[in-house]
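Worksheet: the structure to be examined is printed underneath.
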Amino acid sequence: MKQDKIVIVGAGVAGINAATKLVDNGYPGELITIIDKGSDPHNRLPEEVMTGMLGAGGWSDGKLTYHTAIGGQLSKYCGEDKAMELMDQVISNFSRFHPQPEEIFCSDPQEEPEFIKPYFGLRLFPVWHIGSNFLHEIAKAWYQYLVDKGVVFEWETQVEDIDFNDNRIYTHNADLKYDTLIFGVGKSGIDFAQELAQQYDLPDEPKPVQIGVRFEAPQKHFQKLIDISYDFKLYRKFGDTGVSLRSFCTNNNAAYVAVEETYGNVSYNGHAKKGEQFRNDMTNFGILMEIPGIEDPFEWSRKLVSNVNSGGTGFYYSPSRRPSETSEGETVSTKSISARDLEYIVKPAFKGHFQYIEDFIEDMKKVFPTLEHDWGIYVPEVKYLSPEPLVDYTNLALTKFPNVHFVGDALSARGITVSGAQGIYVAEDILCN
């Protein structure tokens, strides 16, 4: 029986898990090509967050959420039980290539504390902690496994166009044919995904804006909550507007703010290292708003981010603190601004929505009274969500092109576990057929 030549665009978590599932089950590695505009894990620099082996999350985060309510709508495609089975496979893959798998642990908070309830909802769910400082070694071991299985990697290769009708991919230096395409670009490729959607008039469903700030403060202020839920998720919804806010990607103990550069602009994220030598007793997390009803939310977000960048970097505001240092000992790239700048530059860029972030912070000060003025925010943090293309739920293939499968950020996944699960889900369908 003839087997398809499979091309995977994007060596992020979704694409790598798909390839692993295929070769684990006997699919010839030499029939699988993975294209990525970043570098292999041996040559990828620690600060190259956005592109390369295992993408952004698998290179800098290391917390695998273990619940279908977080990170996208995986259960919408395959059902609750199957979604959890797929997540188990992702966690298993990270474990098998981990240099010290005994260091992995799962936090599973069970009960919302009373002191939170008057002000916030607290979403409780299990999280597997891989350890950010192990991710680069995981990437190298995982890469070697796939290479040994015959998988072909094309690094530092920019895909310029894809002809869905002729099954052909055009890069900056060559073109190649595919029988089956797995399209798994990360955040840095969302713009390209939108171009393809417009070019081929792909039916889709719009996504709300997701934008906010990265909040940072000494860990001691949040310790009573961290003891209950390490990766806590504070949540609030303003029912009269439809706007909701949540804390996102909490990092503790050895927590560092990370700079991301997408489409030429800077935004912020965070990561945590494992080991006492990295400990700084800081906590950081995103405060993200979900804003429905924005016409062309992708462009709206892009414009906002551009308006809160200056001199090639983003902004930092604090009533009392200075920007922190990166895990490499350098000051985080940012421009410190005054309360006046916050009022006349940042707030207008958010088009009236910054008030919700201010309310969120004010109520955190009530729940954690020692916080007072001992905090800072990095502006902006953003999750670019392009409209989600409509796909066949059984295999995530485009309804107009059944041999093209969208996964990961290209299918509005938000997080490592969901992205990897989508890749495995597609690979299982290929193996079955």
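At a glance:
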quantity	calculated
Sole exception among (1) within 21 Å of Ala19 (Cβ to Cβ); (2) more than 26 Å from the chain's Cα centre (by Cα); (3) not polar (S, T, N, Q) for Trp155, by number	(2)
Selection count where residues are part of a loop (DSSP other than H, G, I, E, B) and buried (at least 16 other Cβ atoms within 10 Å of the Cβ), scope the range 338-372	4
Residues located in the range 100-140, provided they are over 13 Å from Ile416 (Cα atoms), touching a Phe, Trp or Tyr at 6+ places or on another chain (Cβ under 6 Å) and modelled with pLDDT of 90 or more	Ile138
Only one of Gly38, Gly55, Gly26 that is assigned to a loop (DSSP other than H, G, I, E, B) and in contact with a helix residue (DSSP H, G or I) (Cβ under 6 Å, 6 or more places away or on another chain)	Gly55
Selection within the range 394-433 - modelled with pLDDT under 95, under 14 Å from Asp204 (Cα atoms) and in a loop (DSSP other than H, G, I, E, B)	Thr399, Lys400, Ser412
Every residue from the range 1-48 that is open to solvent by less than 20 Å² (accessible area, probe 1.4 Å) and touching a Ser or Thr at 6+ places or on another chain (Cβ under 6 Å)	Ile6, Val7, Val13, Ala14, Ile35, Gly38
Hits in the range 56-75 - residues which are at pLDDT 80 or above and at positive phi	Gly62
Selection count where residues are open to solvent by 10 Å² or more (accessible area, probe 1.4 Å), farther than 26 Å from Lys347 by Cβ and among the acidic types (Asp, Glu), scope the range 373-399	1
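The values are calculated or read from the model by the stated rules, or taken from the named source; none is laboratory data. In this text, all values refer to a predicted model and were calculated from it rather than measured experimentally. When we count neighbours, we look across all protein chains shown, and the Cβ atoms used for this are built from the backbone with ideal geometry, even at glycine. To get the accessible areas, we keep the full protein, side chains included, count just its heavy atoms, and leave off ligands, DNA and RNA. Shrake-Rupley method; radii C 1.70, N 1.55, O 1.52, S 1.80 Å.
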